[in-house]
Every structure is written in structure tokens, then in C-alpha cells.
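Working notes, structure below.
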Amino acid sequence: PIPDAHAGRPLKNPPLMREHRLYQADWMLRFYGYHVNEIVSDAHPDLRLDVDPKTGWALRNRDFFPININKASKEALLRIPGIGVQSVQKVLRLRRLKQVTLEDLQKMRCVLKRARPFIITADWHPRKIEDTANLLALIAPPPPQAQQMELAL
């Protein structure tokens, strides 16, 4: 905290997870083709700390999913939580040869726990989950138990 800072600001440092989420949002802007108003908007002005920004976008835009891995464009594949830029390139190469399966995605080291509710593969079709809280429970990691220690002066 800055000494003698504005009284409206808390004298506590923001959580490190917030910084991490900002880096993730920056990555989405630079490499995944998102626009700022897709990540934050008037309706959702803050980044969620419990899920990454890509998953947060997917939860807010449920009508965009599920995406068929074997037919979707590169831009659509980049929007799937748990699938990164390198994996999308691998999927595009592999689907020229055969139908992509969950096993193929696992071999590519995709995070299937986050991706499954949002994708369709040759051997997988997700069941419809209407409740966002239930979906979030399936894909979000449990909250960390340990807290960062404060440095004493």
C-alpha cells in the first residue's frame, strides 16, 4: 500500500490471483483474438478470481457451445476453455487425417476437465447442464487452502 493513499482505497494489497487473471486476460487479447469488451463489460466489469477469464467468457456465452472439434474454425477452437494455441494447431493438423477423439485431445495435453462441457468430438457429446453453478463445480479447481503470508516490517 502507498502511505497516505486515497482514503477510499484499502490498505491491503490486492490478491496475487488478481494479477494472474490480468496476465491471462492480456494473453487472451494478444493470442486468442478476444476484444476487451468480451473479457470485461458494463455487465461484468471485474475479472472473476475463481475461474480464468476464458472460462468466465465461456460461462457467460453458453449459447456459443458446444463446439464440434472436427468442424469448427480456428477462431472458434481458440474460445474453448482448456485448449490452447498450440493444441488448436495440432487439432487442425490431426483432423485432416482423422476424426479427433477425447483420447487425441488428452495426448495433446488439453485440460479435458475444463474442455469437456464445451466440446463435441467423434466419441463425446456433453450432456446439457442448465445450471451454471453445477457447471462451475465440474470445471473449477477447488479454492486454495493455503494463504500467502504477509511480510512483516
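The values are calculated or read from the model by the stated rules, or taken from the named source; none is laboratory data. None of the values given here were measured: they were computed from a predicted structure. Here Cβ is always computed from backbone atoms with ideal geometry, including for glycine, and neighbour counts include all displayed protein chains. Keep in mind that these areas ignore ligands, DNA and RNA; they rest on the heavy atoms of the full protein, side chains included. Shrake-Rupley method; radii C 1.70, N 1.55, O 1.52, S 1.80 Å.
Select from region 117-134 the residues that are touching a helix residue (DSSP H, G or I) at 6+ places or on another chain (Cβ under 8 Å) and either among the acidic types (Asp, Glu) or open to solvent by 50 Å² or more (accessible area, probe 1.4 Å) (or both) and list them in ascending order.
The answer is Asp123, Trp124, Thr132.
With the condition kept exactly as written, say whether any residue in region 42-53 is in a helix (DSSP H, G or I) and open to solvent by less than 20 Å² (accessible area, probe 1.4 Å).
Yes, region 42-53 has at least one match.
Say whether the condition of being part of a helix (DSSP H, G or I) and modelled with pLDDT of 90 or more is met by at least one residue in region 7-16.
No, there is no match, as no residue in region 7-16 is part of a helix (DSSP H, G or I) and modelled with pLDDT of 90 or more.
For region 88-101, which residues satisfy the criterion of being closer than 14 Å to Ile67 by Cβ and out of contact with any Lys or Arg (no Cβ under 7 Å at 6 or more places or on another chain)? Break it down into steps so the answer makes sense when it comes.
The initial filter retains those residues of region 88-101 that are closer than 14 Å to Ile67 by Cβ, namely 88, 91-92, 95, 100.
Correct list: Val91, Arg95, Val100.
Just give me the residues in region 94-114 being in a loop (DSSP other than H, G, I, E, B), within 16 Å of His125 (Cα to Cα) and open to solvent by 90 Å² or more (accessible area, probe 1.4 Å), in sequence order.
As a first pass, look at region 94-114 and keep what is in a loop (DSSP other than H, G, I, E, B): 95-101, 108-111.
Those still in the list that are within 16 Å of His125 (Cα to Cα) too: 99-101.
Across region 94-114, the qualifying residue is only Gln99.
Of the residues that sit in region 24-41 and are of a type in the set (Phe, Trp, Tyr) and part of a helix (DSSP H, G or I), which one is surrounded by the most Cβ atoms within 10 Å (Cβ to Cβ)? Walk me through it before giving the result.
If we filter region 24-41 for residues that are of a type in the set (Phe, Trp, Tyr), which is where we start, we get 27, 31-32, 34.
Still in the list and also part of a helix (DSSP H, G or I): 27, 31.
Details: Trp27: 16, Phe31: 11.
Among those that are of a type in the set (Phe, Trp, Tyr) and part of a helix (DSSP H, G or I), it is Trp27.
What residue, among those in region 55-79 that are closer than 15 Å to Cys110 by Cβ and in contact (Cβ under 8 Å) with a residue 60 or more places away in the chain, is most open to solvent (accessible area, probe 1.4 Å)?
Pro66
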